[in-house]
1. Of the residues V100, V114, V94, only one is away from ligand 1 (no atom under 13 Å from the Cβ), of a type in the set (V, I, T) and touching a His at 6+ places or on another chain (Cβ under 6 Å); which?
2. So which residues in the range 24-74 are at positive phi and within 16 Å of ligand 2 (Cβ to nearest atom), if there are any at all?
3. Of the residues Q73, Q91, Q84, which is within 18 Å of L181 (Cβ to Cβ) and among the polar types (S, T, N, Q)?
4. In the range 1-33, which residue that is of a type in the set (A, V, I, L, M, F, W, C) and at pLDDT below 95 is farthest from ligand 1 (Cβ to nearest atom)?
5. Within the range 137-156, is even one residue open to solvent by less than 30 Å² (accessible area, probe 1.4 Å), touching a residue at least 40 places away in the same chain (Cβ under 8 Å), assigned to a helix (DSSP H, G or I) and not polar (S, T, N, Q)?
6. Yes or no: the range 168-188 includes at least one residue that is surrounded by 15 or more Cβ atoms within 10 Å (Cβ to Cβ) and more than 27 Å from G35 (Cβ to Cβ).
7. Would you mind finding the one in A125, A162 that is aliphatic (A, V, I, L, M), more than 16 Å from ligand 2 (Cβ to nearest atom) and under 19 Å from the mean Cα position of the chain (by Cα)?
Amino acid sequence: MTLVFNNLRKQYGANVAINDVSTDFAPGLIYGVIGPNGAGKSTLINMTAGSYTVSAGSISLDGRRLDGMKKHQIANSGIARTYQNIRLFDQMTVLENLEVCAYPAEVRNVWREVLWPPYGRARAAARRESAMEILRFFGLEGHADAEAGSLPYGRQRMLEIARALAMNPRVLLLDEPAAGLNHHETAELTAKLAELRSPERIMLVVEHDMDLVMTLCDRIVVMHHGKLLFQGTPAEVQASSDVQLAYLGTDNDIDDIRAAAQDRRAQLGIRARRRS
Ligand SMILES: Nc1ncnc2c1ncn2[C@@H]1O[C@H](COP(=O)(O)OP(=O)(O)OP(=O)(O)O)[C@@H](O)[C@H]1O
Ligand SMILES: [Mg+2]
């Protein structure tokens, strides 16, 4: 299974957000997508998940074109995502947030659930148990009956990922999962994400936190002004002067890139606190 971007382009009026990007992503690996603000990282995720249309080029999974499909068809193809700004069902419980996402995969069996109540009860119990298993993995089982919107910010970030996992995706797209998290929470998240690496799964993690990216990711894609600037292992990215120039405008070392990323974290922390 491979996810392929082929001469991908996205334009908003005259603004070219993604400019002729071609690359592919293999299962079993975690890919970091990094780059300065406005580089086009979220746009890549939004196009892959079908939230935005593609202006030119194509996106395919296992040779099957995703661009042009409806958003729910893309989700049914096994692609799940989280958002840069958290989007939970705030009024639903933590458990319900997962159950509703597990449901579409079973839609074809709905008539059986309705006509054979025992079967329906068994399926509902199975859905609940697999949702609880995911909550336990994220340490959220104690919050199962709490309203999602009442959780502390860091727990909400975890819940968003848990909810995406409830769809049992083959491709997991995470847009700044560590945004607004403190150092301890980020370390916890990094460890959890590492455990999600699986031979069947492609993971793309857009992130500004360089500690997370360098620790977690097997490959890194560097975006700059809508173009794919560089692609390689963490060590190769750290050694690339092109990447340093893109981030800092100077040829400084990785410590400066870290410092720039920390500034970004501080900004996001302020935003997160304002929201809560
Ligand atoms: N819905 C939209 N309408 C118009 N322009 C957009 C839209 N979404 C993104 N853009 C533009 O596309 C470019 C890429 O934006 P994108 O959000 O993909 O960047 P990013 O790399 O995710 O940045 P950040 O790190 O700040 O999240 C930017 O110039 C942005 O202003
Ligand atoms: Mg973004």
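The values are calculated or read from the model by the stated rules, or taken from the named source; none is laboratory data. Because the structure is predicted, anything quoted here is derived from the model rather than measured. Cβ atoms come from the backbone with ideal geometry, glycine included; neighbour counts cover every protein chain shown. Please note that ligands, DNA and RNA were not included when accessible areas were found on the heavy atoms of the full protein model with its side chains. Shrake-Rupley method; radii C 1.70, N 1.55, O 1.52, S 1.80 Å.
1. None of the others qualify; the one that does is V94.
2. G35, G38, G40
3. Q84
4. M1
5. Yes: one or more hits.
6. The answer is yes, given that some residue of the range 168-188 is surrounded by 15 or more Cβ atoms within 10 Å (Cβ to Cβ) and more than 27 Å from G35 (Cβ to Cβ).
7. None of the other options fit; the residue is A162.
Yes or no, residue by residue, for (1) modelled with pLDDT of 85 or more; (2) in the same structural domain as H72 (by TED's automatic domain parsing); (3) farther than 23 Å from N19 by Cα; (4) acidic (D, E):
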site	(1), (2), (3), (4)
L159	yes, no, yes, no
A162	yes, no, yes, no
A178	yes, yes, yes, no
D211	yes, yes, yes, yes
M214	yes, yes, yes, no
K227	yes, yes, no, no
D255	no, no, yes, yes
A259	no, no, yes, no
A272	no, no, yes, no
